[in-house]
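These notes concern the structure reproduced below.
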Amino acid sequence: LISSEAVGLPREGNMEVEFEPPRVGLQNTNNTCYMNSFIQSLFLTNRFLWRIFSFQLKLKDNPSKVDREDHEFGTTLVQLLQRQMAKMSLTKHKHTDIWEMLQSFPPVYRSGEQQDVTETIRFIFDKLGSFDQPLIREVFGGELAEKVKCRVCGTVKSRMETFTDLVLAVPSEEQVMRTRILPTTQALLEERLKFESLDADCLVHCDTCQSNQQAGKWCEIVSPPQHLCICLNRFTFNMEKMDFTKEKTPVRVDGVLKIGPYEYTLYMVIVHTGKDATSGHYYAVGRRAEHQDEAWFTMDDSQIKSADLSLLSGAPTEKMK
């Protein structure tokens, strides 16, 4: 998972709080590397830190039982994150842990089984109100339009969606070896948004033609987030093995991503090493948001050290040379 901060979008002019660079590791307590990496990412996102200490989760109007349960857990989660961020800011020790925070999480997060970091992020964002409440909306929330165009009459249908992350498909290693073009995060983002002609057997109903017609589709980001989270989807389902397999395709992580007139400057990458989604190890490489001249660090559980940024270059393997 990759986080970048927007350049050119409006900012708060009255927030002058300064935060230190990565300064404290997080102990791996029972396979919590995935959560450690995400918590470090939040800790390095100034816009999130400015808001979390004053944020109050609001209960929905006419709430259902599930809404009340979500609000109760979400309120607890806000308090836990406030304590966790304060502890990481103030401790004099080289490392601390997230075990106290996890005690209020569902049992699966304390089971010792490694969880997928993207699903974990979505779970936490959802419990914090996601796009419906200002904490996540004003930091990570964006809006996009999924568009479908009739290829007979040209009528365009548009469906608005909100998002807090964008999933980008990673091509197979065989595809890259065949084209000999190293994929980049910018190219994968453009691939996600570009126009695509639907197959002839995938007809779409056109209200103007009053019948099913061939069509094309594409996506437009109409309201870009302040902080853009993208996930490189390396896992595909193997029908023969009836399991998920991981694509090992090298991808170059661009220091700057462009969406229309806006630029996003990279400040955090969460890396997964291992052959599948339920094993391996997560660690983070990053720097504090808005501090573009700051050194990069590797945050590998309790260890904080200077980062080797060559892993972001997507250098080709010997097989690809």
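What follows is calculated from the coordinates using simple rules that are stated; it is not laboratory data. Note that the structure is predicted; figures quoted are calculated from it, not measured. Ideal geometry is used to build each Cβ from the backbone, glycine not excepted, and the neighbour counts take in all protein chains shown.
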Exercise for the section: Would you list the P(r) distribution for the chain, with all Cα-Cα distances sorted into 10 Å bins from 0 and each bin expressed as a whole %? Expected result: 5, 23, 32, 25, 12, 3, 0
Handout entry: Structure-based [θ]222 nm, the chain - -39500 (n - 2.57) summed over DSSP H runs of at least 4, per residue, nearest 500
Key = -7500 deg cm²/dmol
Fill in the blank from the handout: Those chymotrypsin sites (Phe, Trp or Tyr not before Pro) from segment 136-241 that are DSSP loop and have at most 11 other Cβ neighbours within 10 Å turn out to be 195
Problem - Distant alpha-carbon pairs in segment 32-172 (separation over 27 angstrom), percent - result: 32
Handout entry: segment 49-127, Cα convex hull volume normalised per residue, Å³
Key = 111
Handout entry: 5 angstrom amide H check on residue 302, placed H, neighbours 5+ away
Key = 26, 28
Problem - Rounded, prolate or oblate (a/c below 1.5 giving rounded, otherwise prolate when a/b exceeds b/c) for segment 21-73 by Cα gyration tensor - result: oblate
Handout entry: Net charge contributed by nearby residues that have their C-beta within less than 14 Å of residue 149 (K/R +1, D/E -1)
Key = +2
Exercise for the section: Give me the percent of Cα-Cα pairs in segment 131-171 that sit more than 16 Å apart, rounded to a whole number. Expected result: 55
Problem - Dipole-positive endmost among 140, 158, 208 within segment 81-236 (Cβ charges, Cα centre) - result: 140
Exercise for the section: May I ask you to derive the relative contact order of segment 202-321, considering only C-alpha pairs under 8 Å and at least 6 residues apart, and to give it as an integer percent? Expected result: 16
Fill in the blank from the handout: With +1 on the Cβ of every Lys and Arg and -1 on the Cβ of every Asp and Glu, the dipole magnitude of the chain about its Cα centre, in debye rounded to the nearest 20, is 240
Problem - FRET efficiency, 1/(1 + (r/R0)^6) with R0 35 Å, evaluated for residue 87 and residue 237 via beta carbons - result: 0.30
Exercise for the section: Using the Cα centre as the reference, give the magnitude of the dipole from point charges on the C-beta atoms of segment 20-137 (Lys, Arg: +1; Asp, Glu: -1; all else neutral), rounded to the nearest 20 debye. Expected result: 460
Exercise for the section: Treating the angle as unsigned and between 0 and 90°, give the value, to the nearest 10°, between the Cα long axis of helix 33-43 and the longest Cα principal axis of the chain. Expected result: 80
Practice task
Determine the principal axes of the Cα atoms in segment 121-225, then give the extent along each, sorted from largest to smallest and rounded to whole angstroms.
Solution key: 44, 41, 20
Problem - Loop-located trypsin sites (Lys or Arg not before Pro) in segment 164-217 whose Cβ has at most 12 other Cβ within 10 Å (DSSP) - result: 180, 194
Problem - Relative contact order, percent, the chain [alpha-carbon distance under 8 Å, six or more residues apart] - result: 27
Fill in the blank from the handout: In segment 98-144, the GluC sites (Glu not before Pro) that sit in a DSSP loop and have at most 16 other Cβ atoms within 10 Å of their own Cβ are 113
Exercise for the section: Positive end of the charge dipole of the chain (Lys, Arg +1 and Asp, Glu -1 on Cβ, about the Cα centre): tell me which of 313, 218, 22 has its Cα farthest that way. Expected result: 313
Exercise for the section: Could you tell me the convex hull volume per residue, in Å³, taken over the Cα atoms of segment 187-308? Expected result: 171
Problem - Spin-label pair residue 202/residue 186, simplified geometry with 7 Å Cα→Cβ offset, distance in nm - result: 2.8
Problem - lysines with Cα under 26 Å of residue 65, excluding same-chain neighbours fewer than 8 positions away - result: 127
Handout entry: Whole-number percent relative contact order across segment 201-246, with pairs defined as alpha carbons under 8 Å at least 6 apart
Key = 19
Exercise for the section: With a Förster radius of 41 Å, plug the Cβ-Cβ distance of residue 113 and residue 54 into 1/(1 + (r/R0)^6) and report the FRET value to the nearest 0.05. Expected result: 0.75
